[in-house]
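Worksheet: one structure, shown below.
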Amino acid sequence: MRYRKLGNTDVEVSIICLGTMTFGAQNSEKEGHEQIDFALSKGVNFLDTAEMYAVPSSKETQGATEKIIGTWIYKNQSKRNQIVLASKVTGPSAGLSYISKKPLGFSKDRMTEALEASLKRLQTGYIDLYQLHWPERKSNMFGQRDYTHTTEWSDNFEGIIDVLEGFKKEGKIRHYGLSNETSWGVMKTQAYANKKEIDGFITIQNPYNLINRTFEVNLSEVAIRENIPLLAYSPLGMGMLTGKYHQQELDFENRLLKHKARFPRYHGKHVFESAGKYIHLAREIGISPSQMALAFVNDRPFICSNIIGASSLSQLEENIDSVNVHLDDSIIKEINSIHKINPSPAP
């Protein structure tokens, strides 16, 4: 396993982060515990979750993922300091109102409620990286095409940072990060952090994969120059880059098929065609499509860690082993040639 510093901190995290949002939906408690044990045996020390998980979130499964991680922590108290644990507080969303009786967002009351509930479910006294799941303001947080920005907006960056700094002083979180944020949002928060002479947000968790490379356009420069690196989620394009859809290996319990309306980004002719070209290239050079896609993400200069998920231990092993795959310049050139044909099939 390889490790990198978590932003400008001294915390070292594995290049592979275990994404856990299947725990409590596609994966049982037993399977979740097995995945954590296996990941740790392979050198993974970084776990990512959120208060709204399992995904797709529902009233019945909300909080289930944290509870499963929590029962693992309870059974493995001596290993708590061996893992870097990340979670998230939910941003505004009318469809997730079952999470709290308080308005969803980043008021002090809501964040305090969310953090305390996460700590209880996780059965731990602190969270290493506490993230805002998406912005509080109206913005193009998920990179939609043809998005129209509203002329009316407000932000509460200073108040949010002050609350998070309070959590740090209490010892309930060690650091905090952003997710689904834009370059404007990152720089606005950084300006306040610089003024206060504090670390501020140390990471950003956004989607990044071979069929969605929009992070490179603006945010990659912010990540490198401000040392606020990317925690890349959905590195396999919701499974589209694995080859299973192209081989008609269809499991209708798979999230992309079962909940098609919730994940429109990775559907459509152009997505299928572009993914197919990458899958063909991987097989041509003799590596699995999943490992080629993950190896590409692993080695980008703006990446801190690559958040992978799996519904089985065999998938998990293949994905973790991508750290041992190196794509030479000739392969990167082939990848970029495919990219130029359709640079943004799944923004």
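Each reported figure results from applying straightforward, stated rules to the coordinates on display, with no laboratory input. All figures in this text were calculated on a predicted structure; none of them were measured in a lab. Counting neighbours? That spans all protein chains shown, and the Cβs are built from the backbone with ideal geometry, glycine included.
Some values worked out for this structure:
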| item | result |
| --- | --- |
| Phi-based couplings in Hz for region 224-231 (Karplus 6.51, -1.76, 1.60; Gly and Pro marked x) | 6, 6, 9, 6, 10, x, 8, 9 |
| Estimated Rh, region 1-62: Kirkwood, alpha-carbon pairs, angstrom | 12.7 Å |
| Semi-axis lengths, Å, region 290-345, gyration tensor of Cα atoms, sqrt of 5 times eigenvalues | 22, 13, 11 |
| Hits among lysines - C-alpha to C-alpha of K108 under 16 Å, sequence gap 8 or more where chains match | K88, K168, K169, K172 |
| Sparsely packed trypsin sites (Lys or Arg not before Pro) within region 111-163, loop by DSSP, other Cβ within 10 Å at most 13 | K138, R145 |
| Gaussian network model of the chain, springs between alpha carbon atoms under 10 Å - residue of N45, N156, N206 with greatest fluctuation | N156 |
| Whole-number Å³ per residue for the convex hull built on Cα positions in the chain | 133 Å³ |
| Linear extension gain, I198 paired with N324, 0.36 nm per residue minus alpha-carbon span | 41.7 nm |
| Eligible aspartates and glutamates near K138 by straight Cα distance, threshold 14 Å, same-chain separation 8 or greater | E152, D155, E181 |
| Overall Cα dimensions of region 31-145, principal axis frame, Å, largest first | 41, 33, 25 |
| GNM flexibility winner over the chain from G125, G243, G177 (Cα, springs under 10 Å) | G125 |
| Charge dipole of region 20-177 about the Cα centre (unit charges at C-beta), most positive-ward option of A25, G159, G177 | A25 |
| Total charge dipole magnitude, the chain, about the Cα centre, Cβ charges on Lys, Arg, Asp, Glu only, Debye to nearest 20 | 520 debye |
| Sorted peptide list for 20-31, 335-346, criterion being average Cβ within 10 angstrom, highest first | 20-31, 335-346 |
| Full-extension gain in nm, E158 to E273, via 0.36 nm per residue minus C-alpha separation | 37.0 nm |
| Over region 85-141: Kirkwood hydrodynamic radius from C-alpha pairwise inverse distances, Å | 11.9 Å |
| Cα long-axis angle, helix 183-196 against the chain (0 to 90 degrees, to the nearest 10) | 40 degrees |
| For region 43-121 versus region 289-321, the gap between their alpha-carbon centres in whole angstrom | 23 Å |
| Added length on full extension, which subtracts the Cα-Cα distance from 0.36 nm per residue, E12 to I341 | 114.7 nm |
| When the convex hull of its Cα atoms is projected in every direction, mean area for region 44-92 (nm²) | 3.9 nm² |
| Inverse of mean 1/r across different Cα pairs in region 114-237, Kirkwood, Å | 15.5 Å |
